[in-house]
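Have a look at the structure below before the remarks.
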Amino acid sequence: MACVQGKSFVGIVAKNYGLVVQSREASHVGMCQPVVRKSQVSSSGLSSTFVVPFSGGRNGVRSTKTREVAPGAFIQCQGAQHKKRPQYIPNRIDDPSYVRIFDTTLRDGEQSPGATMTSKEKLDIARQLARLGVDIIEAGFPIASPDDLEAVRLIAKEVGNNVDDDGYVPVICGLSRCNKKDIDAAWEAVKYAVRPRIHTFIATSEIHMVHKLKKSPEEVVQIARDMVAYARSLGCEDIEFSPEDAGRSDPEFLYRILEEVIKAGATTLNIPDTVGYTLPSEFGGLIAKLKANTPGADKVIFSTHCQNDLGLATANTLAGAHAGARQVEVTINGIGERAGNASLEEVVMALRCRGQERLGGLYTGLNTKHIAVASRMVADYTGMVVQPHKAIVGANAFAHESGIHQDGMLKHKGTYEILSPDDIGLVRADASGIVLGKLSGRHALKQRLNQLGYEVDGQELDDVFKRFKAVAEKKKNVSNEDLETLLFDEVFQPETLWSLGLIQVVCGNAGISTATVKLEGPDGAQHIGMSVGTGPVDAAYKAVDTIVKAPVTLLEYSLNSVTEGIDALAHTRVQIRALDSLTVTHAQTDSQVPRTYSGTGASEDVVVSSCRAYISALNKMLTFRAAKKQPIVGLRSEEQTAGVSQ
């Protein structure tokens, strides 16, 4: 235990719950000489250890006086001791306390309106998920479009073959409906990974079977059994099956269909609360009943997939894990269909914080220090802004404004924080005292980016440094938030087809706003456009349109300052839809959904920031349009798949 500001205190460790009391003020450890005493077993049954650090008193007198402290005082989340990740075997986990993390940000998360990502962006996020240490990456729905298939294949080849020194490599999974064409596409995409997985599903609730599938329960069982067997016949030994809308399905029917898919070769059974209908007690009870009553349940891994329609996704996921599920399906920032999915950061940090104490020792293999970077990357790429009060990763998650709270934090951080920002890799200040400004060099910039969790070298570092120097000329100090914004605006952008050269606007209330824009095109040539508009941004966007000639509808526009102050960077987000909109197949409804595209931009000038965001969104749209023209290679022909049950 460390001493904070030289003040002594008494901590209590409840040994039978595995709680650890420890100050995060590691720099003060040397100030303390703790005495550890064992107490008698209390009436509550807790065997407590009292740690009494000494503090310097008057004239060097050190006090050893102790006082009674209520049970639970000074308790903070420390998590279970680090354990080695069990060897990956598709249908079993040798350590019964280990929980696999199945991330579906790139599949279910991308189904959020406006969250469309390019192949490059998906690859970047997949790499970050691998740094985080997720066990399974559901990389997409390959049959949805040629670009989706190519993105999953690219992730399988690059991320799915990057085995680290400890033997870790993520499983790369592709989603498919229960038909051969979907399964062929999924296998074509994931088969290049060291550990490929096919995830196939079919609805099992009465409302879905009657109104959506228009099939009898017997037909649904037959399709599920046949398609799982077909996936195994392709050579895939890791098959996940999901009975869609299991939360509203008849448990007796679930026992039956799950038994059949186990016999057909399924290795993981995922139980989705597709519409977020169940309560934690119900969902935990459902997992327990399925494990107890499904023949062959001991031969597979049970999984959870909880939607957040009632705000219970994280609670239901934890209830499912406590009831015996050993895989949980989650997304970064909780993005996904409608109200979203269970949030990876919430579930993982809850297991880290309370898994040892209240959930039977459950733990994961994630390196949580990569959470903050993953959250920021997903927010920027998808355009889905994280709400300030979002648990774990929200801007206010570690902010304290109330005077009472601030007083407590100054005296001891454990008074109002159960987690440390460091636990998720959130860096608030530079301990070395380095302040970045116009005289700072590349080495200082690279070091700070590394501290923030970003590895940038070569041309990318040169590009960021150039932007950094331009901002530093106008701002006295460049904050960490500024650096992250510049990094994402310069490096983490879609493939550049059009780039902004110069822009000049004339505006005010004395006349019509006009804008002149110079862009560099895909061929490297310079193009100039001019237009008028109702304001400077409108005029600039219309000037861009005269050059790019890709008619779109602007669906959303937002602009925020990155930091406080009149010299703050402006950060803009836009969402657009093409007038001749491309569509993508929706995994659950089988309908064709128009794609929308988001873009972000940053600059000291709000008009420049707005133009960067608009051009970013246009580049993303044009990249998809080019990919749409590419055929899906490696798939079975229509004749080969004719007659397959849909």
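Might you check whether a residue that is farther than 25 Å from P295 by Cα and touching an Asp or Glu at 6+ places or on another chain (Cβ under 8 Å) occurs anywhere in the range 145-163?
Here is the first cut: in the range 145-163, the residues farther than 25 Å from P295 by Cα are 145-163.
Subset that is touching an Asp or Glu at 6+ places or on another chain (Cβ under 8 Å): 149, 153.
Checked against the condition, which is being farther than 25 Å from P295 by Cα and touching an Asp or Glu at 6+ places or on another chain (Cβ under 8 Å), the range 145-163 yields at least one hit.
Does N477 qualify as being part of a loop (DSSP other than H, G, I, E, B) and either at pLDDT 95 or above or more than 38 Å from the chain's Cα centre (by Cα) (or both)? Spelling it out, it is not the case that N477 is part of a loop (DSSP other than H, G, I, E, B) and either at pLDDT 95 or above or more than 38 Å from the chain's Cα centre (by Cα) (or both).
Taking the criterion of being among the polar types (S, T, N, Q) and closer than 27 Å to T623 by Cβ, the residues of the range 503-561 that qualify are T516, Q526, S531, T546, T553, S558, N560.
Conditions tested, residue by residue: (1) modelled with pLDDT of 95 or more; (2) buried (at least 22 other Cβ atoms within 10 Å of the Cβ); (3) more than 15 Å from E329 (Cα to Cα).
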{"position": "H211", "(1), (2), (3)": "yes, no, yes"}
{"position": "A229", "(1), (2), (3)": "yes, no, yes"}
{"position": "P243", "(1), (2), (3)": "yes, yes, no"}
{"position": "I257", "(1), (2), (3)": "yes, yes, yes"}
{"position": "V261", "(1), (2), (3)": "yes, yes, yes"}
{"position": "L269", "(1), (2), (3)": "yes, yes, no"}
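Assessment of the range 630-641 against the conditions (modelled with pLDDT of 65 or more, surrounded by 14 or more Cβ atoms within 10 Å (Cβ to Cβ) and not in a strand (DSSP E or B)) yields no matching residue. Applying the criterion of being within 24 Å of D489 (Cα to Cα) and without any contact (Cβ under 8 Å) to a residue 24 or more places away in the chain to the residues of the range 369-404, the residue that is surrounded by the most Cβ atoms within 10 Å (Cβ to Cβ) is G394. Residues that are in contact (Cβ under 8 Å) with a residue 60 or more places away in the chain, in contact with a Lys or Arg (Cβ under 7 Å, 6 or more places away or on another chain) and closer than 20 Å to S610 by Cα occur in the range 498-520; there is at least one. Which numbered condition in (1) of a type outside the set (F, W, Y); (2) under 18 Å from the mean Cα position of the chain (by Cα); (3) crowded, with 21+ Cβ neighbours inside 10 Å; (4) part of a loop (DSSP other than H, G, I, E, B) is the only one that M349 fails? Of everything listed in (1) of a type outside the set (F, W, Y); (2) under 18 Å from the mean Cα position of the chain (by Cα); (3) crowded, with 21+ Cβ neighbours inside 10 Å; (4) part of a loop (DSSP other than H, G, I, E, B), M349 misses just condition (4).
Within the range 537-546, can you find the residues that are touching a residue at least 24 places away in the same chain (Cβ under 8 Å) and surrounded by fewer than 21 Cβ atoms within 10 Å (Cβ to Cβ)? Steps first, please.
Just the residues of the range 537-546 that are touching a residue at least 24 places away in the same chain (Cβ under 8 Å), to begin with: 537-544.
Of everything in the range 537-546, those that are touching a residue at least 24 places away in the same chain (Cβ under 8 Å) and surrounded by fewer than 21 Cβ atoms within 10 Å (Cβ to Cβ) turn out to be D538, K542.
Report yes if some residue within the range 235-244 is more than 16 Å from I287 (Cβ to Cβ), among the hydrophobic types (A, V, I, L, M, F, W, C) and touching a helix residue (DSSP H, G or I) at 6+ places or on another chain (Cβ under 8 Å); otherwise report no. The answer is yes; a qualifying residue exists. The single condition among (1) assigned by TED's automatic domain parsing to the domain that holds L269; (2) surrounded by fewer than 19 Cβ atoms within 10 Å (Cβ to Cβ) that E138 does not satisfy is (2). In the set (1) in contact (Cβ under 8 Å) with a residue 60 or more places away in the chain; (2) among the β-branched types (V, I, T); (3) closer than 27 Å to P243 by Cα, T317 fails one condition alone, (1).
Assigned to a strand (DSSP E or B), out of contact with any Lys or Arg (no Cβ under 7 Å at 6 or more places or on another chain) and of a type in the set (F, W, Y), is that true of Y557? The answer is yes for Y557. Scanning the range 485-526 for residues that are assigned to a loop (DSSP other than H, G, I, E, B) and more than 35 Å from the chain's Cα centre (by Cα) turns up C507, G508, N509, A510, G511, I512, D523, G524, A525.
Among residues of the range 71-114 being within 30 Å of R595 (Cα to Cα) and either of a type in the set (A, V, I, L, M) or out of contact with any strand residue (DSSP E or B) (no Cβ under 7 Å at 6 or more places or on another chain) (or both), the one that is modelled with the lowest pLDDT is P113.
For residues that are in contact (Cβ under 8 Å) with a residue 60 or more places away in the chain and out of contact with any Gly (no Cβ under 6 Å at 6 or more places or on another chain), scanning just the range 358-367, find the one that is surrounded by the most Cβ atoms within 10 Å (Cβ to Cβ). Quick ask: steps written out before the conclusion?
As a first pass, look at the range 358-367 and keep what is in contact (Cβ under 8 Å) with a residue 60 or more places away in the chain: 358, 360-367.
With the extra rule that they be out of contact with any Gly (no Cβ under 6 Å at 6 or more places or on another chain), the set shrinks to 358, 360-361, 364.
Details: R358: 14, G360: 12, G361: 15, T364: 26.
Looking at the filtered set, the residue picked out is T364.
The criterion of at least 2 residues that are touching a His at 6+ places or on another chain (Cβ under 8 Å) and over 22 Å from Y88 (Cα atoms) is met by the following strands (runs of 3 or more DSSP E) wholly inside the range 238-327: 268-273. Can you confirm whether the range 143-164 contains a residue that is over 16 Å from the mean Cα position of the chain (by Cα) and free of Cβ contacts under 8 Å to residues at least 24 places away in the same chain? Yes: one or more hits. Of the strands (runs of 3 or more DSSP E) lying entirely inside the range 123-205, those containing at least 1 residues that are of a type in the set (S, T, N, Q) and under 17 Å from F241 (Cα atoms) are 171-177, 196-203.
The residues listed here are D165, D124; of these, the one that is of a type outside the set (K, R), more than 20 Å from I371 (Cβ to Cβ) and surrounded by fewer than 24 Cβ atoms within 10 Å (Cβ to Cβ) is D165.
Taken together, A321, A342, A325 contain a single residue that is aliphatic (A, V, I, L, M) and either out of contact with any helix residue (DSSP H, G or I) (no Cβ under 7 Å at 6 or more places or on another chain) or over 19 Å from G355 (Cα atoms) (or both), which is A321.
The values are calculated or read from the model by the stated rules, or taken from the named source; none is laboratory data. The shown structure was predicted, so the numbers you read here are calculated from the model rather than taken from an experiment. Neighbour counts are summed over all protein chains in view; Cβ atoms, including those assigned to glycine, are modelled from backbone coordinates with ideal geometry.
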